[in-house]
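Asker: Got a structure for you, written out below as structure tokens; questions coming shortly.
The values are calculated or read from the model by the stated rules, or taken from the named source; none is laboratory data. Because the structure is predicted, anything quoted here is derived from the model rather than measured. With ideal geometry, Cβ positions are generated from the backbone for all residues, glycine too; neighbour counts draw on all protein chains shown. We work out accessible area using only protein heavy atoms, side chains counted, and drop any ligands, DNA or RNA first. Shrake-Rupley method; radii C 1.70, N 1.55, O 1.52, S 1.80 Å.
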Amino acid sequence: MNKQQPILELVNITKTFNTQLIFQNINLQVQPHTILSIVGPSGVGKTTLLRTILGLEDVDQGQFLLNGQQFDPHNHRQNDIGVVFQDYRLFPNLTVLENITLAPIQVQGLNQEQVLQKAKKLLDSLGLYQKGNLYPYQLSGGQKQRVAIARALILQPKILCYDEPTSALDATSKGQVAELLEQFKASGKTQLVVTHDLEFAKEVSDKIFKLEQQS
Ligand SMILES: Nc1ncnc2c1ncn2[C@@H]1O[C@H](COP(=O)(O)OP(=O)(O)OP(=O)(O)O)[C@@H](O)[C@H]1O
Ligand SMILES: [Mg+2]
């Protein structure tokens with residue numbers, strides 16, 4: 001069978017905090033347009049592994065490759081890998097639309113009106129069209145999460161990562177997130193899900209990577 005080149009590859013990634021070994025020689029491949037879940041018990045290092053991929057945490061050893069090319073996660077172009085954090089990290093003092101348009105306008109310097117139209121379209125597609133002028137505190141948990149997803153999506157990342165996307169959701173909202181992930185996959189996105197929710201992982205993933213406790 002003709003195997004595609006992984007879009008993201010981790011080679012022998014090792015991470016310690018002070019003297020505590022968190023994980024050792026992690027080898028992981030993510031194929032394009034697939035959903036890969038990283039699962040494991042609380043404290044095993046799932047969030048830490050995600051943070052290393054995002055360049056938010058240094059590693060002790062190992063390499064990262066994007067489309068077969070080695071890269072330094074600290075330097076990767078901002079729009080290669082997007083993330084939806086567990087607590088969403090919306091700016092509380094900005095409206096929904098301001099949260100979504102801030103980076104494309106301020107960081108990427110894109111045209112304000114065009115970005116705004118795109119943000120409204122995204123909100124519409126996520127069932128949030130009427131929420132654009134509200135502040136995060138005026139939204140439900142699931143709505144906040146979708147705003148965080150819109151904020152990541154507007155930067156058109158090739159890979160979209162989620163840390164515990166179901167942890168704050170009830171069964172119905174979980175189902176909606178699963179549907180969204182399927183929808184993004186169908187539109188060509190590659191997605192990486194960090195979760196302790198094995199059922200959810202089994203439902204949405206093409207592949208599951210189990211992070212094991214280090215003794
Ligand atoms: N900045 C840090 N300094 C020291 N130790 C840390 C730091 N961040 C995380 N750790 C430790 O690394 C280990 C893994 O933490 P991490 O948050 O990655 O786990 P997790 O698998 O995401 O857990 P959970 O399912 O509860 O979210 C824990 O023992 C934690 O205390
Ligand atoms: Mg975690």
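Asker: Select from Ile154, Ile35, Ile81 the residue whose mean-square fluctuation is largest in a Gaussian network model of the chain (Cα-Cα springs shorter than 10 Å).
Answerer: Per the Cα network of the chain with a 10 Å cutoff, Ile154 tops the list.
Asker: Treating only the Cβ atoms of Lys and Arg (+1) and Asp and Glu (-1) as charged, compute the dipole magnitude of the stretch 79-205 about its Cα centre; round to the nearest 20 debye. Numbers along the way, then the final one.
Answerer: Working: 13 positive and 13 negative charges, 73 e Å.
About 360 debye.
Asker: With only Lys, Arg, Asp and Glu charged, each at its Cβ (+1 for the first two, -1 for the last two), find how big the charge dipole of the stretch 95-146 is about the Cα centre; round to the nearest 20 debye.
Answerer: Dipole magnitude for the stretch 95-146 comes out near 160 debye.
Asker: Taking a 1.4 Å probe, which of Asp72, Asp58, Asp80 shows the most accessible area, and what order do the others take after it? Can you show the working numbers first?
Answerer: Numbers: Asp72 70, Asp58 95, Asp80 15 Å².
Order by accessible area, largest first: Asp58, Asp72, Asp80.
Asker: Sticking to Cα atoms, compute the Rg of the stretch 57-103 to one decimal and its Dmax as the biggest Cα-Cα distance, whole number, in Å.
Answerer: 14.7, 41
Asker: Could you tell me what percent of the accessible area of the stretch 75-171 is made up of carbon and sulfur, with a 1.4 Å probe and every protein chain present? Working shown, then result.
Answerer: Working: 2380 of 4970 Å².
Exposed carbon and sulfur together represent 48 percent of the surface.
Asker: What percentage of all Cα-Cα pairs in the stretch 110-215 are separated by more than 16 Å?
Answerer: 62
Asker: Taking the Cα centre of the chain as origin, sum charge times position over the Cβ atoms of Lys and Arg (+1) and Asp and Glu (-1), and report the length of that vector in debye to the nearest 20.
Answerer: Dipole magnitude for the chain comes out near 420 debye.
Asker: At 0.36 nm per residue, minus the direct Cα-Cα distance, what do Thr19 and Leu94 gain on full extension? Give it in nm, one decimal, please.
Answerer: Details: separation 75, 0.36 × 75 = 27.00 nm, distance 4.03 nm.
Working it through step by step, the gained length comes to 23.0 nm.
Asker: Mind checking the per residue accessible area of the chain for me, 1.4 Å probe, whole number of Å²?
Answerer: Numbers: 11220 Å² over 215 residues.
Value returned for the chain: 52 Å² of accessible area per residue.
Asker: With 23 Å as the limit, write out which pairs from Lys120/Lys207; Lys144/Lys202; Lys118/Lys185; Lys15/Lys174 have Cα-Cα distances beyond it, or answer none.
Answerer: Values: Lys120/Lys207 33 Å; Lys144/Lys202 25 Å; Lys118/Lys185 20 Å; Lys15/Lys174 31 Å.
Violating the 23 Å limit, Cα to Cα: Lys120/Lys207; Lys144/Lys202; Lys15/Lys174.
Asker: Just the number, please: percent antiparallel of the DSSP beta bridges in the chain, rounded to the nearest 5. Intermediate results must be reported in sequence, preceding the final value.
Answerer: Numbers: 15 of 33 bridges.
Bridges in the chain that DSSP calls antiparallel: roughly 45 percent.
Asker: Still on this structure, please answer the following. Work out how much length Thr172 to Asn12 would gain on full extension: take 0.36 nm times their residue separation and subtract the Cα-Cα distance, in nm to one decimal.
Answerer: Numbers: separation 160, 0.36 × 160 = 57.60 nm, distance 3.83 nm.
Answer, rounded to one decimal: 53.8 nm.
Asker: Moving on to the next point. What does the net charge come to around Val194 if you take all other residues with beta carbon closer than 9 Å to its beta carbon, with K and R at +1 and D and E at -1? Each step should come with its number before you reach the end.
Answerer: Values: positive: Lys46; negative: Asp163, Glu164.
Every neighbour counted, the sum reads -1.
Asker: Let me ask something additional. Given 0.36 nm per residue, what is the gain on full extension from Gln69 to Lys210 after removing their alpha carbon distance, in nm? Could the numbers behind the result be given before it?
Answerer: Details: separation 141, 0.36 × 141 = 50.76 nm, distance 2.49 nm.
So the chain would gain 48.3 nm between Gln69 and Lys210.
Asker: Let me check against my output: what whole-number percent is the relative contact order of the stretch 52-154, with C-alpha pairs under 8 Å and at least 6 apart?
Answerer: Result for the stretch 52-154 is 31 percent.
Asker: Could you put Val147, Val107, Val83 in order of accessible surface area, largest first, with the 1.4 Å probe and the full protein assembly present?
Answerer: Numbers: Val147 0, Val107 95, Val83 35 Å².
Of Val147, Val107, Val83, the descending order of accessible area is Val107, Val83, Val147.
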